[in-house]
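The values are calculated or read from the model by the stated rules, or taken from the named source; none is laboratory data. Because the structure is a prediction, the values reported are computed rather than measured. No Cβ is skipped: glycine too gets one built from the backbone with ideal geometry, and neighbour counts run over all protein chains shown.
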Amino acid sequence: MALLDAKIESPQELFVHKLGAALTMEETILEMLEKLQEEANDPSLRRQLEQHYKETQGQVQNLQQVFDALGEPVDRRPCPVIEGLEKEGDTMLKEVDESLNDSVILSGVIETEHHEIAVYDGLIIMAEQMGDDDVIALLNENIEQEAATLEKAIKATEQLAKRVVRQTA
């Protein structure tokens, strides 16, 4: 049953809407990564965040290329989930002892990467149904980077947790 006031009426429009939210997501993450680099204690984590920033810039470019490939204007849409994750991270960083910043940052990275992967999974499934190989390739490049970042964040979190537990034992 269609809503009388529905603004999104086709799979293509839904895809473009979701694509716009993904673009907003990545641009918000760029801002978050800049702040997190300042909050990180460990130089290695700062370098990882800087590397992730550069990758995210490429992901933004890929999403803009998807809009071009579709012949659609770049159309940013709200991404409330990423705004929530940003707010949660900011709140946690204010509440914890500074020595725990890296733990909060890595936890936030893991949560954010899981969300990004879910967003790209949905976009890729839709793109496959639309049959646009160029779009699929660009989205696959992004999701592969997200999966690699998630894996690095998990390993860094495991190493940090071991150090933190040893220090407090």
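List of remarks:
- Identity of the residue in the range 130-169, farther than 23 Å from GLU27 by Cβ, modelled with pLDDT of 95 or more and in contact with a helix residue (DSSP H, G or I) (Cβ under 8 Å, 6 or more places away or on another chain), that ends up surrounded by the most Cβ atoms within 10 Å (Cβ to Cβ): ALA156
- Test: residue in the range 81-98 that is under 17 Å from HIS17 (Cβ atoms), assigned to a helix (DSSP H, G or I) and not acidic (Asp, Glu): yes
- As a summary of the residue check, ASP133 satisfies the conditions (1) farther than 29 Å from ARG46 by Cβ; (2) touching a residue at least 24 places away in the same chain (Cβ under 8 Å); (3) not polar (S, T, N, Q) except for the one numbered (2).
Here's the yes/no breakdown for (1) hydroxyl-bearing (Ser, Thr, Tyr); (2) touching a strand residue (DSSP E or B) at 6+ places or on another chain (Cβ under 8 Å); (3) surrounded by 13 or more Cβ atoms within 10 Å (Cβ to Cβ); (4) over 14 Å from GLY108 (Cβ atoms):
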residue: LEU19; (1), (2), (3), (4): no, no, yes, yes
residue: ALA22; (1), (2), (3), (4): no, no, yes, yes
residue: GLN48; (1), (2), (3), (4): no, no, yes, no
residue: GLU55; (1), (2), (3), (4): no, no, yes, yes
residue: GLN65; (1), (2), (3), (4): no, no, yes, yes
residue: PRO78; (1), (2), (3), (4): no, no, no, yes
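- Considering residues of the range 88-113 that are under 14 Å from the mean Cα position of the chain (by Cα) and among the hydroxyl-bearing types (Ser, Thr, Tyr) only, the residue farthest from ARG163 (Cα to Cα): THR112
- Positions within the range 24-39 being surrounded by 19 or more Cβ atoms within 10 Å (Cβ to Cβ) and of a type outside the set (Val, Ile, Thr), in sequence order: MET25, GLU26, MET32, LEU33, LEU36
- From the list GLU116, GLU141, the lone residue that is closer than 19 Å to GLN61 by Cβ, in a helix (DSSP H, G or I), more than 12 Å from the chain's Cα centre (by Cα) and touching a residue at least 60 places away in the same chain (Cβ under 8 Å) is GLU141.
- The lone exception for GLN64 - which of (1) in contact with a Ser or Thr (Cβ under 8 Å, 6 or more places away or on another chain); (2) closer than 29 Å to ASP133 by Cβ; (3) at pLDDT 95 or above it fails: (1)
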